[in-house]
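Rule-based calculations on the coordinates, nothing more; no lab input. Worth saying up front: this structure is predicted, and the values here are computed from it rather than measured. Backbone-built Cβ (ideal geometry, glycine too); neighbour counts: all protein chains shown.
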Amino acid sequence: MKLILLGAPGAGKGTVAKMLTGVDGSVQISTGDILRAAVAAGTELGKQAKTAMDAGDLVSDDLIMGIMGERLQEPDCEKGFLLDGFPRTIPQAEALDGLLDKLDIKLDMAVELDVPRDVILDRLTTRRTCTGCGAIYNVKSKPPKVEGVCDECGASVVQRDDETVEAISNRLDVYNEKTAPLAGFYKNAGKLVTINATSSDVVVQTIKDNLPS
Ligand code: AMP
């Protein structure tokens with residue numbers, strides 16, 4: 001399947017993408033994970049992205065399109081891809097359209113995960129992320145077996161730098177201003193499916209039900 005997952009930070013895009021990779025081998029592509037790995041490795045890309053990321057602002061469209069232009073041409077994308085956190089602006093969505101046309105790839109749908117703001121705020125302030133494999137935990141509903149240690153890979157599980165109350169509030173404002181308009185963009189293209197996303201299981205089933213046969 002070839003999907004875009006839209007939704008505010010904390011709407012569950014990453015969780016749903018991970019659940020869907022098991023369905024048909026489509027690969028999850030998270031621009032946030034790619035950028036965090038670059039920051040951790042201290043690469044030039046990471047240095048350029050870090051300040052914006054820590055403040056909860058968006059990294060430049062050019063930088064993101066540079067990453068995605070290469071990533072979508074890698075062989076593991078042939079089976080399908082689940083775009084998690086990309087596109088995030090109208091210019092990125094337009095550039096993605098051009099790229100997919102050039103690569104002769106047809107998008108199945110853009111799925112908008114709709115979650116109330118109070119649920120999002122609660123999820124983000126209690127979320128913890130593995131610094132090694134990116135696995136997601138929650139201090140209330142899904143803590144790691146050993147505090148601060150990933151069940152999957154043994155690396156440290158931490159609160160992300162951009163998950164302070166201040167950065168979260170900025171990320172939600174940025175989402176409303178820059179990313180929420182993408183729902184209209186994909187609706188006009190006849191690709192939008194909006195799902196009440198309080199439960200990830202329901203989202204996955206609804207996506208499977210809506211996939212073109
Ligand atoms: P995420 O893990 O998707 O919430 O992304 C974490 C941060 O990475 C965001 O707050 C942005 O600073 C940056 N980022 C990730 N994806 C994008 C994108 N498509 N466009 C611009 N910035 C992005």
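Some values worked out for this structure:
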{"quantity": "Low-density loop positions, GluC sites (Glu not before Pro), the stretch 115-213 - DSSP coil, at most 10 other Cβ in 10 Å", "calculated": "E147"}
{"quantity": "Shape call, the stretch 140-213: gyration tensor on alpha carbons, a/c limit 1.5", "calculated": "oblate"}
{"quantity": "Rounded to 5, the percent of DSSP beta bridges in the chain classed as antiparallel", "calculated": "30"}
{"quantity": "Which listed pairs, of K47/K102; K50/K79; K2/K187, have C-alpha distances above 26 Å, in listed order", "calculated": "K47/K102; K50/K79"}
{"quantity": "Prolate/oblate/rounded call for the chain, Cα gyration tensor, a/c under 1.5 rounded", "calculated": "rounded"}
{"quantity": "The stretch 12-29 and the stretch 79-120: distance between their alpha carbon centers, rounded to Å", "calculated": "14"}
{"quantity": "Beta bridge orientation in the stretch 91-213: antiparallel %, DSSP, nearest 5", "calculated": "60"}
{"quantity": "Spherically averaged projected area of the stretch 48-169 from its Cα convex hull (nm²)", "calculated": "9.2"}
{"quantity": "Loop trypsin sites (Lys or Arg not before Pro), the stretch 120-213 (other Cβ atoms within 10 Å of the site Cβ: 16 or fewer; DSSP)", "calculated": "K140, K145, K191"}
{"quantity": "Shape category assigned to the stretch 25-74 from the gyration tensor of Cα positions, a/c cut at 1.5", "calculated": "prolate"}
